[in-house]
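Novice: There's a structure below that I have some questions on.
The values are calculated or read from the model by the stated rules, or taken from the named source; none is laboratory data. Just so you know, these numbers come straight off a predicted model, no measurement behind them. Ideal geometry is used to build each Cβ from the backbone, glycine not excepted, and the neighbour counts take in all protein chains shown. The area values use the complete protein model at the heavy-atom level, side chains included, leaving out ligands, DNA and RNA. Shrake-Rupley method; radii C 1.70, N 1.55, O 1.52, S 1.80 Å.
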Amino acid sequence: MACLEEKKVAFGTYTLVEETEYWWENTHQCWEAEGQAMTWETFKRVFLEKYFPEDVRNKKEMEFLELKQGNTTVAEYATKFEELVRYFPHYQGRDGESSKCVKFLNGLRPEVKQAVNYQGVRQFPLLVNMCRIWDEDS
């Protein structure tokens, strides 16, 4: 069930706690005093500017782009990969599934990549599971 546009800000801000809740109260008062409506898109933009600034986003992007399995297990690599991929909308949803698999495969150690790449799996959970099993069995 989709959330109505006018309810998104109310629902999103209801979940804020501690410092973020105080920030929202102050920000909301300022916007109301200026007579500006707070849309969901505006809220997201202002919230991300405050709590996920551009320099942090840039660092996360570089970390993701340079991510390689290295000496870690497939499970550890997959955990780090999923932690970072959530910041990149390009890899989300059905449309991004194949690209996500390609990026994941390219970061694997050559022997793991070679063992599973020929199968052409483009479903991320299945790909990770296959790689993890291969890694544990080797």
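Novice: What do you reckon, is Lys59 modelled with pLDDT of 90 or more and under 19 Å from Phe124 (Cβ atoms)? Talk me through it step by step, then tell me what you get.
Specialist: Details: modelled with pLDDT of 90 or more: yes; under 19 Å from Phe124 (Cβ atoms): no.
Taking the combined requirement at face value, the residue does not satisfy it.
Novice: Scan region 68-90 residue by residue and report those that are in a loop (DSSP other than H, G, I, E, B) and at pLDDT below 95.
Specialist: The answer is Arg86, Tyr87, Phe88.
Novice: Could you list, in sequence order, all residues of region 89-130 that are under 14 Å from Gly70 (Cα atoms) and open to solvent by less than 50 Å² (accessible area, probe 1.4 Å)?
Specialist: Residues of region 89-130 under 14 Å from Gly70 (Cα atoms): 104-113.
Correct list: Phe104, Leu105, Gly107, Leu108, Val112.
Novice: Could I ask something else about it? Looking at Glu49, Glu21, Glu32, Glu5, can you tell me which residue is at pLDDT 90 or above and loosely packed, with under 12 Cβ neighbours inside 10 Å?
Specialist: Going through Glu49, Glu21, Glu32, Glu5 in turn, just one is at pLDDT 90 or above and loosely packed, with under 12 Cβ neighbours inside 10 Å: Glu49.
Novice: When region 66-81 is examined, which residues are found to be open to solvent by less than 90 Å² (accessible area, probe 1.4 Å) and of a type outside the set (Gly, Ala, Ser)?
Specialist: Leu67, Gln69, Thr72, Thr73, Val74, Tyr77, Lys80, Phe81
Novice: How about region 1-48: which of its residues are in contact (Cβ under 8 Å) with a residue 12 or more places away in the chain and part of a loop (DSSP other than H, G, I, E, B)?
Specialist: Passing the criteria: Met38, Thr39.
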